[in-house]
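Nothing in this text is a laboratory measurement; each read-out follows from the coordinates by a stated rule. Here the structure is a predicted model, which means the values were calculated and not measured. Every residue, glycine as well, gets a Cβ built from its backbone with ideal geometry; the counts of neighbours run over all protein chains shown.
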Amino acid sequence: MAITRDDVLRILSAVTVDAGGTTLPASGRLSQVVVDPTGRVMFSILIDPSEAERFEPIRRRAEGAILATPGVSGVFASLTSERGPNHPAQAPTPPQPPAPGRPAAPPPPRTGPALPGVRHIVAVASGKGGVGKSTTACNLALALSAQGLKVGLLDADIYGPSVPKLFGLSGKPKVIEERLLAPMEGYGIKVMSIGFLIEPETAMIWRGPMVQSAITQMLREVAWGELDILVVDMPPGTGDAQLTMAQATPLSGAVIVSTPQDLALIDARRGVTMFRKVSVPILGVIENMATFVCPNCGHASHIFGHGGARDEATRLDVPFLGEVPLNMTIRESSDAGRPVVAVDPDGPHAKVYRDIAAKLWGNLTGGPAPRAAPRIVIE
């Protein structure tokens, strides 16, 4: 027998959210409940970020009650801090420019529900697709690992997961215990992606609550272990997925990737604006596909322009991390699942990513990486 939205609301009426016995539907915290034709149930619970620890057991009780109901094939229940009329947003304090002649101070640490064992969570984002964000996130994670840091990479691009291809990884993650997955491993870093859980040709035709839940589960129901930094490859744009990560996750900061052309920079500005509105520090801007050098004649061409992202970073008063060239080696190694930082660690392109990673870590912590960089050995 198929489950209906009314059935879900009736079941959730047995879940209370406070000592006074207020039910979840009556609390005003329950999002629209969605039931798809396959019996999957999707909903979110509205919270303030400071309430995450208290509401996680409530989310689990609600999820378990629905999952135990005949006709339910799956449940996607998430906590979200997207504020409604009863929870007015607090305007973030605008960043103060540094005094003349003095460098900007490192961004303040984020507060919020922590991810056990993970020191920093950094989002790699872009205002639009096609700017090389996933390739940048992949090589940036490897460059941070090359500095001796313990690094994880979460592919949060639900609609277009690229990390399995970039790392040359396939197969399914192992289930360690109920609702806890072991991340895959590639080139010395821990990796998780929705691409490991679906067939490669599957189209992710999911609504917002399902996307939010998938990201939350990949973040919090994976055995990440002890990490210095978890790099999150964000989906492009400024929609549900970005708000889920920015508001319900203790992000230490965000990196914006853009090509130099004006069309890409327009969307990059929107990305900066979104993160600032939710008080996530901007750790820097990366200009990707900056210059193409002909391998035959050595002539440099600025196919997408040059310097636009650097100028935009100056205008927005955020750090500029560096330029990545438009190069066939980077493209070919990415398509082959052999990232350039891993397979050619002493090459010129790997050096570009290592320099960017060093600046990023410095902006994040105010100091260099804690250990000497080991050499990555490719078998």
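In table form, for the structure just shown:
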item: Under 28 Å from K150, Cα to Cα: lysines that are on another chain or at least 8 residues apart; result: K133, K165, K172, K174, K190, K351, K359
item: HN-Hα J in Hz across the stretch 130-146 - Karplus 6.51, -1.76, 1.60, θ = phi - 60°, x for Gly and Pro; result: x, 9, x, 4, 5, 4, 5, 4, 4, 6, 5, 4, 5, 5, 5, 4, 5
item: Mean Cβ neighbour count within 10 Å, used as a protection proxy, ranking 162-173, 10-21 highest first; result: 162-173, 10-21
item: V222 long-range amide H proximity, modeled H, under 5 Å; result: L181
item: Taking the stretch 129-204 and dividing mean pair separation by its residue count, relative contact order in percent (alpha carbons under 8 Å, at least six apart); result: 33 percent
item: Protection-proxy order for peptides 52-61, 118-127, each taking the mean of Cβ atoms within 10 Å per residue, highest first; result: 118-127, 52-61
item: Separation of alpha-carbon centers, the stretch 5-52 and the stretch 143-201, rounded to whole Å; result: 30 Å
item: Peptide ranges 334-344, 31-41 listed from the most packed, as the mean C-beta count within 10 angstrom indicates; result: 334-344, 31-41
item: Residues whose placed amide H lies under 5 Å from that of T22, excluding near-sequence neighbours; result: V17
item: Interchain or long-range residues, amide H under 5 Å from A290's placed H; result: V324, L326
